[in-house]
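Here's the structure, in structure tokens; my notes come after.
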Amino acid sequence: MYVCSCFAVTDKQIAEHAANGACTPRQIASATKAGTDCGSCVRTIQGLLGRGTCPRRELLEKGRAAATVLAPDAALTRAA
């Protein structure tokens, strides 16, 4: 079934990207563009992704500060 009619993205494609590590609608959008035009499919994408395991979510639930999780890579900071 088509989830995003704007970019012809199916539920199977979303499942594939989720199996490969995409765990947020934003990550799905980066991979497929789904949810970036009219936005009507974002809630459907959220529903398909569910509340499964997501590395960032797991770290936040364990009590680590968001700043620690989202901190830039030191090697990238030095390169800039």
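Compared with the alpha-carbon gap, the fully stretched path from Leu48 to Ser5 is longer by 13.9 nm at 0.36 nm per residue. Remark: spin-label model distance Ser40-Ala15 equals 2.4 nm, labels positioned 7 Å along the Cα→Cβ axis.
Here, each number is a calculation from the coordinates, and none is a lab measurement. If you're wondering where the values come from, they're calculated on a predicted model, not measured in any experiment. Cβ atoms come from the backbone with ideal geometry, glycine included; neighbour counts cover every protein chain shown.
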